[in-house]
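Structure, as structure tokens:
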């Protein structure tokens with residue numbers, strides 16, 4: 001399966017948020033699935049970080 005994650009889901013993944021339901025988390029972490037993140041997500045994260053709204057996690061590349 002191919003998954004395209006939006007910015008909020010990416011943030012929830014890095015935060016290990018409970019808002020990310022277990023079946024979705026399993027799909028994202030399943031090695032058989034291809035997970036994609038838009039280049040726009042990187043842009044949105046950079047903007048939010050520059051405004052002080054979020055702190056980008058150290059493990060963003062993991």
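One decimal place: the segment residue 18-residue 49 gains 9.0 nm when fully extended, by the rule 0.36 nm per residue minus the C-alpha distance. Here the residues 55, 44, 15, ranked from fewest to most Cβ neighbours within 10 Å of their Cβ, fall in the order 55, 15, 44. Against the chain, whose longest principal axis comes from its Cα atoms, helix 39-50 is set at around 40 degrees. Take the alpha carbon gyration tensor of the stretch 2-50, find the square roots of its eigenvalues, order them as a ≥ b ≥ c, and report rounded if a/c is under 1.5; if not, report prolate when a/b exceeds b/c, else oblate. Oblate, because a/c is 1.5 or more while a/b does not exceed b/c.
Here 51, 4, 20, 11 are placed in order of increasing Cβ neighbour count within 10 Å, fewest first, which gives 51, 4, 20, 11.
Quick note: the coordinates plus some simple rules give every number you see, no bench work behind them. Since the model is a prediction, treat every value here as computed from it, not as a measurement. Backbone-built Cβ (ideal geometry, glycine too); neighbour counts: all protein chains shown.
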